[in-house]
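Everything below concerns the one structure shown next.
The values are calculated or read from the model by the stated rules, or taken from the named source; none is laboratory data. Everything numeric here is computed off the predicted structure, so don't read it as measured data. Glycine also receives a Cβ, built like all others from the backbone with ideal geometry; neighbour counts cover every protein chain displayed. All accessible areas refer to the heavy atoms of the entire protein, side chains included, with ligands and DNA or RNA removed. Shrake-Rupley method; radii C 1.70, N 1.55, O 1.52, S 1.80 Å.
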Amino acid sequence: MNMIAIAAAIAIGLATIAPAIAQGITAGKALDGMAKQPEVAGEIRTAMILALAFMEALTIYGLLVAILLINKI
């Protein structure tokens, strides 16, 4: 029973840390691109928001796995 709780904690931990780091890098690179080429800022912003949504989906999947593991207890 304790192993399931540890597995759920690891699942949610890894599922939040990796996308958070990736989102920070993505936002930084997008802002850098917007600063260098302001004329395409709208296109960069759209691509960045789409990429952030996909990264956030990974976090939600990790939360779902953790919830499923906790419900096994």
Task: Residue count for the stretch 11-23, restricted to those that are open to solvent by 40 Å² or more (accessible area, probe 1.4 Å) and farther than 11 Å from M48 by Cα - done: 7
Task: From the options L31, L58, L69, L50, residue that is on the phi < 0 side of the Ramachandran plot and exposed (fewer than 13 other Cβ atoms within 10 Å of the Cβ) - done: L50
Open item on the list: Out of I70, I25, I49, I12, I need the residue that is modelled with pLDDT under 95 and under 18 Å from the mean Cα position of the chain (by Cα). Which one?
Closed with: I12
Open item on the list: Whether any residue in the stretch 59-67 is part of a helix (DSSP H, G or I) and touching a residue at least 60 places away in the same chain (Cβ under 8 Å) is what I want to check.
Closed with: no
